Amino acid sequence: MNEHDMEKMACLLSSKGMDRTQDVNSADVVIVNTCCIREKAEQKFYSLMGRLKKIKRRKGLVLGVTGCIAQQEKDAIGEKLPFIDFSLGPSSIHRVAEAVDHASRKDRFFDFSDNGCTASLLVEPGNANKKFKTYVTIMKGCNNFCSYCIVPYVRGREVSRESSDIMREIENLSTLGIKEVTLLGQNVNSYNKGGDDISFPELLKGINAINGIERIRFVTSHPRDLSNELIECFGSLNKLCESIHLPFQSGSDRVLKLMNRGYTTEEYRKKVSLLRQRCADIAITADCIVGFPGESEDDFELTMGLVNDVRFDGLFSFAYSPRKFTAAANLPDEVSREMAFERLTRLQKYQKSITLECNKAMEGKVAEVLVEDRSKHSREEMTGRTRTNKIVNFQGSSDMIGSLVEVEIVKGYANSLKGEVRKPTGGRTC
Ligand code: SAM
Ligand code: SF4
């Protein structure tokens with residue numbers, strides 16, 4: 001989501017004649033787009049700002065801070081970081097060109113206004129980077145208030161974008177060469193919940209009918225809002241990729257309740273089983289938190305048990321990090337940092353073996369790959385992703401970039417697959 005917000009800001013600034021660079025030494029304007037989901041991201045941000053302060057002093061540049069930390073700190077950020085020139089919350093990024101303009105005239109600019117503002121949702125970055133896949137924001141904010149999470153406080157309540165706007169944007173993207181879209185939102189499957197526009201499964205059906213779009217993904221889904229109708233889409237929509245990111249957060253019902261997640265592990269397991277009944281090859285990934293206040297060794301073993309049973313293709317796991325404003329920050333029975341990280345290491349080690357097992361199970365299968373680029377590791381190799389969102393590296397040439405090729409998987413590694421291009425056979429792909 002942050003990456004896409006950066007694309008939106010880059011697009012808005014390029015329409016004012018500015019070019020994007022990753023090299024801070026050649027930049028006239030530096031924007032630090034921030035995340036405050038975990039404390040570590042916040043610590044990294046402040047140390048980066050220390051370095052940028054020195055660069056600004058040396059060569060002079062316009063320095064702005066956007067995103068969640070900006071929203072969390074609001075006006076205090078101007079005092080905490082007196083050397084910055086502008087700051088915008090996530091709902092104000094559509095004002096970036098105005099902010100740079102003010103800041104260039106030594107007029108500091110701040111906007112952390114209305115979380116309900118939809119203008120930031122409406123920015124369409126197009127296909128400036130000449131890529132073949134991109135994100136499309138369909139909703140923002142979150143109404144769930146999971147007890148550990150700062151998102152509803154810094155990104156506001158859920159607002160869904162008009163389906164007609166989304167469809168128009170994707171139709172336009174397809175004419176610009178985009179083949180794969182990932183629909184973005186904190187909780188995409190509650191898109192338009194309670195509203196009078198179309199539902200999320202209906203939106204998927206509409207996008208599935210757009211010529212030129214070959215692949216559809218979405219992220220992130222809340223297990224509670226994963227309806228049977230949506231599960232059904234994995235069996236019926238040919239462009240919907242066989243992959244879903246479905247965070248479970250904990251394998252213990254007691255902890256899930258404390259987290260205010262709104263489902264039980266039994267309900268979660270049932271949905272996984274329905275997904276696999278409807279789409280046998282679906283790859284399932286998830287997020288999970290360990291060391292939540294009050295998590296006992298037994299609770300943690302339940303998490304390990306769920307991971308053992310579901311056999312996720314991949315897992316993003318985090319040690320719990322207390323966050324400002326959130327209900328969990330006041331819960332008793334803190335788990336020590338040492339214990340949380342010890343559990344995290346155990347979980348990650350176990351998951352690594354499962355991911356390897358899933359990737360090895362692909363050996364001998366044929367997968368459709370959208371070729372994205374040259375591999376970073378070898379000039380002779382190309383890289384792309386399967387519909388199940390796994391990275392595949394294979395011998396090829398750069399004229400393949402942007403095309404869909406059939407690749408036989410010859411080796412499964414912990415983080416990627418190795419493949420060999422073969423002629424289309426019409427055989428089963430995954
Ligand atoms: N909306 C998505 C959902 O409900 O799963 C995820 C949003 S959040 C940006 C991404 C992940 O960060 C969460 O799934 C959770 O695992 C993790 N996370 C959020 N708050 C956290 C905290 N205080 N400490 C550790 N991890 C956290
Ligand atoms: Fe945070 Fe929960 Fe909303 Fe996800 S659903 S963004 S974890 S509050």
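Return yes when ALA286 is within 22 Å of LEU417 (Cα to Cα) and crowded, with 20+ Cβ neighbours inside 10 Å and no when it is not.
Numbers: within 22 Å of LEU417 (Cα to Cα): yes; crowded, with 20+ Cβ neighbours inside 10 Å: yes.
When the stated conditions are applied, ALA286 passes them.
Report whether or not ASP107 is within 28 Å of the chain's Cα centre (by Cα), among the charged types (D, E, K, R) and either more than 20 Å from PRO152 (Cα to Cα) or loosely packed, with under 13 Cβ neighbours inside 10 Å (or both). Show your work before the answer.
Working: within 28 Å of the chain's Cα centre (by Cα): no; among the charged types (D, E, K, R): yes; either more than 20 Å from PRO152 (Cα to Cα) or loosely packed, with under 13 Cβ neighbours inside 10 Å (or both): yes.
Criteria not met by ASP107.
If ALA328 satisfies all but one of (1) within 30 Å of ASP281 (Cβ to Cβ); (2) touching a Cys at 6+ places or on another chain (Cβ under 9 Å); (3) hydrophobic (A, V, I, L, M, F, W, C), what's the number of the condition it fails?
(1)
Checking the conditions here, which among PHE45, PHE112 is farther than 25 Å from MET139 by Cα and either surrounded by 15 or more Cβ atoms within 10 Å (Cβ to Cβ) or in contact with a helix residue (DSSP H, G or I) (Cβ under 7 Å, 6 or more places away or on another chain) (or both)?
Working: PHE112 fails: farther than 25 Å from MET139 by Cα.
Testing whether each residue is farther than 25 Å from MET139 by Cα and either surrounded by 15 or more Cβ atoms within 10 Å (Cβ to Cβ) or in contact with a helix residue (DSSP H, G or I) (Cβ under 7 Å, 6 or more places away or on another chain) (or both) leaves just PHE45.
Residue pairs, Cβ under 7 Å, 6 or more apart or interchain, first in the stretch 126-153 and on the phi > 0 side of the Ramachandran plot, second part of a loop (DSSP other than H, G, I, E, B) and among the acidic types (Asp, Glu). List them.
That search, which allows pairs on different chains as well, returns GLY141/GLU158.
May I ask you to say which residue of ARG374, ARG379, ARG343, ARG385 is within 24 Å of ALA286 (Cβ to Cβ), basic (Lys, Arg) and open to solvent by 20 Å² or more (accessible area, probe 1.4 Å)?
When all the criteria are applied, what remains is ARG385.
Let me spell it out: the conditions are (1) part of a loop (DSSP other than H, G, I, E, B); (2) open to solvent by 40 Å² or more (accessible area, probe 1.4 Å), and GLU98 meets all of them except one. Which number is the exception?
Exception for GLU98: condition (1).
Considering only residues of the stretch 304-353 that are assigned to a helix (DSSP H, G or I) and within 22 Å of the chain's Cα centre (by Cα), which is nearest to ligand 1 (Cβ to nearest atom)? Spell out how you get there, then give the answer.
Let us first name the residues in the stretch 304-353 that are assigned to a helix (DSSP H, G or I), namely 304-310, 327-330, 337-353.
Next, from what is left, pick out any that are within 22 Å of the chain's Cα centre (by Cα): 307, 310, 344, 347-348, 351-352.
Values: VAL307: 14, VAL310: 15, LEU344: 10, LEU347: 12, GLN348: 14, GLN351: 14, LYS352: 18 Å.
It comes out as LEU344.
Being away from ligand 1 (no atom under 16 Å from the Cβ), hydrophobic (A, V, I, L, M, F, W, C), touching a Gly at 6+ places or on another chain (Cβ under 9 Å) and within 28 Å of CYS35 (Cα to Cα) narrows it down to one of ILE178, ILE198, ILE138, so name that one.
Details: ILE198 fails: within 28 Å of CYS35 (Cα to Cα); ILE138 fails: away from ligand 1 (no atom under 16 Å from the Cβ).
Just a single option satisfies the conditions, and that option is ILE178.
Has the stretch 394-410 got at least one residue that is within 30 Å of CYS142 (Cα to Cα) and either open to solvent by less than 30 Å² (accessible area, probe 1.4 Å) or at pLDDT below 95 (or both)? Explain how you work it out, then say what you get.
Taking the stretch 394-410 and keeping what is within 30 Å of CYS142 (Cα to Cα), we get none.
Within the stretch 394-410 (the criterion being within 30 Å of CYS142 (Cα to Cα) and either open to solvent by less than 30 Å² (accessible area, probe 1.4 Å) or at pLDDT below 95 (or both)), the answer is no, since none of the residues qualifies.
Listed residues GLU42, GLU7, GLU3; which is in contact (Cβ under 8 Å) with a residue 24 or more places away in the chain, over 19 Å from CYS149 (Cβ atoms) and within 16 Å of ligand 1 (Cβ to nearest atom)?
Residue meeting the stated conditions: GLU3.
Which of the residues that make up the stretch 145-198 are touching an Asp or Glu at 6+ places or on another chain (Cβ under 9 Å), in a loop (DSSP other than H, G, I, E, B), within 16 Å of ligand 2 (Cβ to nearest atom) and open to solvent by 20 Å² or more (accessible area, probe 1.4 Å)?
Selection gives GLN186, LYS193.
Only one of these is under 21 Å from LEU230 (Cβ atoms) and either touching a helix residue (DSSP H, G or I) at 6+ places or on another chain (Cβ under 8 Å) or at pLDDT below 95 (or both): VAL310, VAL255, VAL290. Name it.
On the way: VAL255 fails: under 21 Å from LEU230 (Cβ atoms); VAL290 fails: under 21 Å from LEU230 (Cβ atoms).
Going through VAL310, VAL255, VAL290 in turn, just one is under 21 Å from LEU230 (Cβ atoms) and either touching a helix residue (DSSP H, G or I) at 6+ places or on another chain (Cβ under 8 Å) or at pLDDT below 95 (or both): VAL310.
When both residues are 6+ apart or on different chains and their Cβ atoms are under 9 Å apart, which pairs have a first residue that lies in the stretch 11-23 and is open to solvent by less than 100 Å² (accessible area, probe 1.4 Å), and a second that is among the small types (Gly, Ala, Ser) and at pLDDT 90 or above?
Once the first residue is open to solvent by less than 100 Å² (accessible area, probe 1.4 Å) and sits in the stretch 11-23, its partners that are among the small types (Gly, Ala, Ser) and at pLDDT 90 or above give LEU12/ALA97; LEU13/ALA97; SER15/ALA97; MET18/ALA10; MET18/ALA97; THR21/ALA27.
Of everything in the stretch 118-144, what is in a loop (DSSP other than H, G, I, E, B), over 28 Å from ARG385 (Cβ atoms) and open to solvent by 30 Å² or more (accessible area, probe 1.4 Å)? Give them in sequence order.
Listed by number, the residues that qualify are THR118, ASN143.
The values are calculated or read from the model by the stated rules, or taken from the named source; none is laboratory data. Remember, it's a predicted structure, so these values are computed and weren't measured experimentally. Cβ: placed from backbone, ideal geometry, glycine included. Neighbour counts: every protein chain shown. Surface areas here come from the heavy atoms of the whole protein model, side chains and all, with no ligands, DNA or RNA. Shrake-Rupley method; radii C 1.70, N 1.55, O 1.52, S 1.80 Å.
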